Amino acid sequence: MIGRVLLLALALSLPALAAAQARAIPEAAKRGTIEHVADMVVRIDGRELRLAPGATIRNERNLIVVPAALPREGAEAEFLVDGNGQISRVWVLTAEEAARPRKRGTSR
């Protein structure tokens with residue numbers, strides 16, 4: 001009996017666990033192709049931009065990575081620009097996330 005209750009509870013919680021895994025990328029995030037240039041400098045859609053102090057880059061698995069870990073060929077990403085025009089947060093997109101329509105551009 002306890003085994004059935006646990007199995008039922010697990011089955012009911014799986015959709016909630018899957019939903020919790022989805023990343024909450026802010027609507028204000030812009031989209032572009034990002035690549036690492038040097039140190040704290042990245043190129044987004046051909047424009048070189050500086051990463052803000054404490055900037056975070058999250059890869060497709062939502063793990064925080066260093067700028068040099070960005071793919072050499074570039075990657076589709078969404079990002080936030082701070083008040084100084086520096087990139088403060090980056091999310092490298094999965095194929096599924098990249099398929100969603102989103103506004104492009106590096107303007108604030």
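Details
- Extreme residue, modelled with the highest pLDDT, among residues of the stretch 12-42 that are on the phi < 0 side of the Ramachandran plot and acidic (Asp, Glu): 35
- Selected residue [assigned to a loop (DSSP other than H, G, I, E, B) and acidic (Asp, Glu)] from 73, 97: 73
- Once the stretch 50-67 is narrowed to residues that are assigned to a loop (DSSP other than H, G, I, E, B) and hydrophobic (A, V, I, L, M, F, W, C), the residue that is farthest from residue 39 (Cα to Cα) is 63.
Yes/no matrix, rows are residues, columns are (1) of a type outside the set (A, V, I, L, M); (2) surrounded by fewer than 15 Cβ atoms within 10 Å (Cβ to Cβ):
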{"residue": "43", "(1), (2)": "yes, no"}
{"residue": "46", "(1), (2)": "yes, yes"}
{"residue": "58", "(1), (2)": "yes, no"}
{"residue": "67", "(1), (2)": "yes, no"}
{"residue": "80", "(1), (2)": "no, no"}
{"residue": "84", "(1), (2)": "yes, yes"}
{"residue": "90", "(1), (2)": "no, no"}
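The values are calculated or read from the model by the stated rules, or taken from the named source; none is laboratory data. Note that this is a predicted model, so its numbers are computed, not measured. No Cβ is skipped: glycine too gets one built from the backbone with ideal geometry, and neighbour counts run over all protein chains shown.
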